[in-house]
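The structure appears right after this line, and notes come after that.
The values are calculated or read from the model by the stated rules, or taken from the named source; none is laboratory data. What you see is a predicted model, and the numbers here were worked out from it, not measured in a lab. Virtual Cβ from ideal backbone geometry, glycine too; neighbours counted across all protein chains shown. What goes into the accessible areas is simple: the full protein's heavy atoms, side chains included, and nothing from ligands, DNA or RNA. Shrake-Rupley method; radii C 1.70, N 1.55, O 1.52, S 1.80 Å.
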Amino acid sequence: MTSAPRSPAPHERARPLAKGSTYPAKDLCSQCGLCDSRWVAYVRRACAFLNQRFEAMETAAHGRSRDLANEDELYFGVSQRMVTARLRPAIEGAQWSGIVSRIGVRALETGLVDAVLCVQQSPDDRFTPLPVLARTPEQVLAARVNKPTLSPNLEVLEQLPGSGIRRLLAIGVGCQVQALRAVQDTLPLEQLYVLGLPCVDNVSRAGLQTFLESASDSPATVVHYEFMQDFRIHFRHSDGREETVPFFGLDTPKLKNVFAPSCLSCFDYVNGGADLVVGYMGASFGRQWLTVRNPRGQELLDLVETELDLAPVSSRGDRRAAVQQGIDAYDKAIKLPRWLAELVGFIVQRVGPQGLEYGRFSIDSHFTRNALWVRRHHPEKAEDHIPGFAKAIVARYRLPSL
Ligand SMILES: Cc1cc2nc3c(=O)[nH]c(=O)nc-3n(C[C@H](O)[C@H](O)[C@H](O)COP(=O)(O)OP(=O)(O)OC[C@H]3O[C@@H](n4cnc5c(N)ncnc54)[C@H](O)[C@@H]3O)c2cc1C
């Protein structure tokens, strides 16, 4: 007796959306690339901006969702270990010390995975992302350093069928990871590892240009920048010069509309679905901050742990008054004169929040701003879209009226 032919799964029947079409999340689309693959078939449940599913995602990935009664988990998500670190020696040209790239390289060298999903840069433009399935250490290293623009990472899922890749390490930001987790069980993979980056305030390529022109004294030569824990933006230029600008001196009236609407409605700053998250904002100045969410995350960290200068996480200061003042100043789009911005920066750097408290400062500032943005621009979505952990954090502050 022959069994009835299996009916094809939705992604086997689907085709990627044509480039330039309207994506289902419309103005909220973060261009994560899912719709540029046949896994667009699942977009209604997978898209971070159409359907928030933190609890289900965390439970499937880590075996439980975050414990809202635990202050660290409320802020930083499910965690079994948190440390700060620097790779020794650092990888030249990496965003920080290159821990992420080193893990990608080691994952290939040890045979843990067959490929690493990461983002190289376009040959014509350092800031235009080019997602790839890297098969060699050189290809992973070519993806080092942030492309601080929306990146269609998941479009390369389209290349998986027939590629021979059975074990994959995917590197990505929260919106990409949320969509990836939602389709994980339908991918032709035996094992998936997810190395996450915290992410906030991303921009389109055009938005990045506006930002660079408003914040740097030489936008054309910027090759690298980061919002650092000393409350300053550090720009590195092509001749090696470092320029720093205080956060508080940014041209808020001009920049308020520069961030992508997806990022203004995002509450996954700390990348809740990744196995291991490598950022910086919970570490003291100059160090990276690692959150291990589950045993797969520890397996990734094991690949490089002996090459790291490790230290425990620490926390100092009290962010709350600064967050409340920032909410009001941002809403009124106040731009401080440079001398005052320098003075505020100088004081905050000395007495302001540090370590995990700096991480909480950044999360509070962005969640309050984003909750307000969603309630103003998409009031019909606000209740379902803002996750419970973010509502609990936002409720600690006085927000301007809608
Ligand atoms: C847009 C963006 C915003 C960020 N914001 C914060 C923040 O607010 N707080 C914080 O603590 N950390 C943030 N990070 C993470 C941080 O800046 C570093 O990327 C991280 O600490 C890793 O540093 P590294 O030296 O180990 O990385 P590297 O070894 O240099 O590797 C960088 C990796 O980033 C990947 N990548 C680059 N651009 C993108 C992109 N657009 N989308 C997805 N993946 C990308 C590359 O594939 C590469 O593997 C952000 C990252 C990005 C991409």
- What is the pair-distance distribution P(r) of the range 1-140, computed from all Cα-Cα distances in 10 Å bins starting at 0, with each bin given as a whole percent? 9, 21, 33, 28, 7, 2, 0
- Relative contact order [Cα under 8 Å, 6+ residues apart], the range 129-188, whole percent: 36 percent
- Could you pull out every one of the lysines with an alpha carbon less than 28 Å from that of Lys147, ignoring same-chain neighbours closer than 8 positions? Lys19, Lys26, Lys254, Lys256, Lys335
- To the nearest 10 degrees, how steep is helix 356-377 against the longest Cα principal axis of the chain, on a 0 to 90 scale? 80 degrees
- Note on the structure: Residues whose modelled amide H sits under 5 Å from the amide H of Asn294, counting only those 5 or more places away in sequence or on another chain, are Gln80
- Query: How far is helix 205-215 tilted off the main Cα axis of the chain, in degrees rounded to 10, range 0 to 90?
  - Reply: 20 degrees
- Task: With a/c under 1.5 counting as rounded, go ahead and sort the range 260-402 into rounded, prolate or oblate using the C-alpha gyration tensor (a ≥ b ≥ c being the square roots of the eigenvalues; past the cut-off, prolate if a/b is larger than b/c, else oblate).
- Result: oblate
- Message: Could you compute Rg(Cα) / (2.2 N^0.38 Å) for the range 68-177, with N its residue count?
- Response: 1.17
- For the chain, with only Lys/Arg (+1) and Asp/Glu (-1) charged at the beta-carbon, what is the dipole magnitude about the Cα centre, in debye rounded to 20? 700 debye
- Nearest 10 degrees, 0 to 90: what angle lies between the long axis of helix 320-331 and the longest principal axis of the chain (Cα atoms)? 90 degrees
- the range 240-272 and the range 3-33 have their Cα centres apart by a whole-number Å value of 31 Å
- Under a point-charge model restricted to the Cβ atoms of Lys and Arg (+1) and Asp and Glu (-1), what is the dipole moment magnitude of the range 282-342 relative to its Cα centre, in debye to the nearest 20? 420 debye
- Query: Using the heavy atoms of the protein chains alone and a 1.4 angstrom probe, what is the accessible area of the range 1-103 per residue in square angstrom?
  - Reply: 53 Å²
- In the chain, taking the dipole from +1 charges on Lys and Arg beta carbons and -1 charges on Asp and Glu beta carbons about the Cα centre, the listed residue (Leu197, Pro379, Met82) farthest towards the positive end is Pro379
- Task: List the relative contact order of the range 243-384 as a percent without decimals, with contacts defined as Cα pairs under 8 Å and 6+ residues apart.
- Result: 34 percent
- Note on the structure: On each of the three principal axes the extent of the alpha-carbon atoms of the range 117-167, given in whole Å and largest first, is 31, 21, 16
- Given C-alpha coordinates of the chain, what is the ratio Rg to Rh with the Kirkwood estimate of Rh? 0.95
- Note on the structure: Amide H proximity to Ala115 below 5 Å, modelled H, separation 5+ or other chain, gives Arg167, Leu169
- Cα gyration tensor shape for the range 335-402, rounded if a/c is under 1.5, else prolate or oblate: oblate
- Query: When the convex hull of the C-alpha atoms of the range 43-110 is computed, what volume per residue in Å³ does it have?
  - Reply: 173 Å³
- Message: Explain nothing, just the number: relative contact order of the chain, from Cα pairs under 8 Å at least 6 residues apart, as a whole percent.
- Response: 18 percent
- With the full set of protein chains in place, find how many percent of the accessible area of the chain is carbon and sulfur; take the probe as 1.4 Å. 53 percent
- Between the alpha carbon centres of the range 340-402 and the range 36-115 the gap in Å comes to 22 Å
- Query: Which value does Rg/Rh take for the range 128-219 over its C-alpha atoms, Rh per Kirkwood?
  - Reply: 1.03
- Note on the structure: Given the candidates Ile327, Thr306, Phe367, the one whose Cα lies deepest towards the positive end of the charge dipole of the range 286-402, counting +1 at each Lys or Arg C-beta and -1 at each Asp or Glu C-beta, is Ile327
- Accessible surface, the range 293-365, averaged per residue in Å² (probe 1.4 Å): 51 Å²
- Under 17 Å from the Cα of Lys391 - aspartates and glutamates, other chains or at least 8 residues apart: Glu55, Asp67, Glu71, Asp72, Glu73, Asp268, Asp364, Glu380, Glu383
- Based on Cβ point charges of +1 for Lys and Arg and -1 for Asp and Glu, what charge dipole magnitude is obtained for the range 306-402 about its Cα centre, in debye rounded to the nearest 20? 400 debye
- When you count, for each residue, the other Cβ atoms within 10 Å and take the mean per peptide, how do 299-305, 216-222, 274-280, 143-149 rank with the highest first? 274-280, 143-149, 299-305, 216-222
